Amino acid sequence: MPVRTMPWTSAATAAAALAAALVGAGVVSASPAVAATSPTAGASCPSGTLSLRTLESGCTTSTGTVRLADGRTFAVPARGESVAALSVAAAGAEELPEVVVTNTGNSGVAVRVGEAWQGSPSAVRQAERSTLGTADTAHTADTGAATVRPSAASTKCTSKANTQNDYRWSSTVQWYYNPSGTRTTYGDDALRSAADAWTGTITSCGTTVTSSARESFVREATQAPDLTKDGGCATNNGYSVMGWGALPAGTLGVTCVWYDQNGVAREADQRYATRYSWSSTATCSGSRYDMQAVATHEWGHLYGLGHVASGTGQVMEPSGGTCATGSRTLGLGDMTGIAAKY
Ligand SMILES: [Zn+2]
């Protein structure tokens, strides 16, 4: 696994701060489509695309679209629900920061880009309260840490690094595959193997754990995954669909997960980037991304795992190289994380 990915939190925060400063100074507007009026707390948000600045008023909506400073757009989820967007970056590319959009209903909408919550102040307080203590306590120290960082290959089976997201499935994930636009012949097989890597009895790294996570492939479908070409999440339709399409340069795949206020996941859709070359055969060669390896990472997100530091040798590192077939199998941290969650 390459370790060239930039630390995205600082870059994203700097970009957001710059964008906020520019907007504040009146140099540029966040978006030409952003409504100019400033609603009051509890009032309905204006129609059209909403900026984070508009959401700061505490306005309420169940049909709006939020545009982030980096250009990603997200359909506001139903009242009482949240949606998370989690991605994986190509080798050497900067990762899209993780995004969560939470619609509290009467208290407005809060948005987390990377680490920081923004939007309606009262929704932000609710979101911070509900996630307090879960994110940090779930982190497991990387036992592979040393003054000289060992190679990823050597820490795959010694590092227990894992992080947990705020949602979890209490039911079997029933999912569909839309092969439209596929860049590889056996994408469905690769996805099924990736989905299965996190369930039941998992043997890797010379050890075995059990996971109660469950998934079931229903059939091929013609519905598109509910994602946008900018890497955001569109309005969800109740079906978990995996498929292909446009994504921003440097992003291999994005998973959107919709969940309720108790953190129970209801739907997850995945889009894989058609701009790259992919492999889904047993042996991978050339400048291709291994579908099963990348999908295993995205399914880790789907089940509720977040990123770990680069160099830990885990599937849940934020970026993956070409033909990184080692990520078809879980590392010790991946196994620790899924067994803790399920
Ligand atoms: Zn990821």
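The values are calculated or read from the model by the stated rules, or taken from the named source; none is laboratory data. All values reported here derive from a predicted model rather than from experimental measurement. Counting neighbours? That spans all protein chains shown, and the Cβs are built from the backbone with ideal geometry, glycine included. Side chains included, ligands, DNA and RNA excluded: accessible areas come from the protein's heavy atoms. Shrake-Rupley method; radii C 1.70, N 1.55, O 1.52, S 1.80 Å.
Considered as a group, the residues in the range 180-222 that are without any contact (Cβ under 8 Å) to a residue 40 or more places away in the chain and charged (D, E, K, R) include one that is least open to solvent (accessible area, probe 1.4 Å), and that residue is Asp188.
None of Val88, Val76, Val66 is buried (at least 18 other Cβ atoms within 10 Å of the Cβ), of a type in the set (A, V, I, L, M, F, W, C) and either within 16 Å of the ligand (Cβ to nearest atom) or on the phi > 0 side of the Ramachandran plot (or both) except Val88. Residues that are of a type in the set (Ser, Thr, Tyr) and touching a Lys or Arg at 6+ places or on another chain (Cβ under 8 Å) within the range 245-281 comprise Tyr259, Tyr272, Thr274, Tyr276, Ser277, Ser279, listed in sequence order. Summed over the range 91-110, the residues that are assigned to a loop (DSSP other than H, G, I, E, B) and either in contact with a helix residue (DSSP H, G or I) (Cβ under 7 Å, 6 or more places away or on another chain) or within 15 Å of the ligand (Cβ to nearest atom) (or both) give a count of 10.
Does the range 300-313 include one or more residues that are farther than 26 Å from Thr102 by Cβ, part of a loop (DSSP other than H, G, I, E, B), among the polar types (S, T, N, Q) and open to solvent by less than 10 Å² (accessible area, probe 1.4 Å)? There is at least one residue in the range 300-313 that is farther than 26 Å from Thr102 by Cβ, part of a loop (DSSP other than H, G, I, E, B), among the polar types (S, T, N, Q) and open to solvent by less than 10 Å² (accessible area, probe 1.4 Å).
The residue that is farthest from Asp166 (Cα to Cα), among those in the range 94-112 that are open to solvent by 20 Å² or more (accessible area, probe 1.4 Å) and over 11 Å from the mean Cα position of the chain (by Cα), is Glu94. Residues being away from the ligand (no atom under 13 Å from the Cβ) and either small (Gly, Ala, Ser) or over 15 Å from Thr199 (Cα atoms) (or both) are entirely absent from the range 297-308.
Go through the residues of the range 252-265 one by one and say whether even a single one is in contact (Cβ under 8 Å) with a residue 60 or more places away in the chain, surrounded by 24 or more Cβ atoms within 10 Å (Cβ to Cβ) and acidic (Asp, Glu). No, there is no match, as no residue in the range 252-265 is in contact (Cβ under 8 Å) with a residue 60 or more places away in the chain, surrounded by 24 or more Cβ atoms within 10 Å (Cβ to Cβ) and acidic (Asp, Glu). Among the residues of the range 266-296, those identified as open to solvent by 40 Å² or more (accessible area, probe 1.4 Å) and either of a type in the set (Ser, Thr, Tyr) or away from the ligand (no atom under 16 Å from the Cβ) (or both) are Arg266, Thr274, Arg275, Tyr276, Ser277, Thr281, Ala282, Thr283, Ser285, Gly286, Ser287, Arg288.
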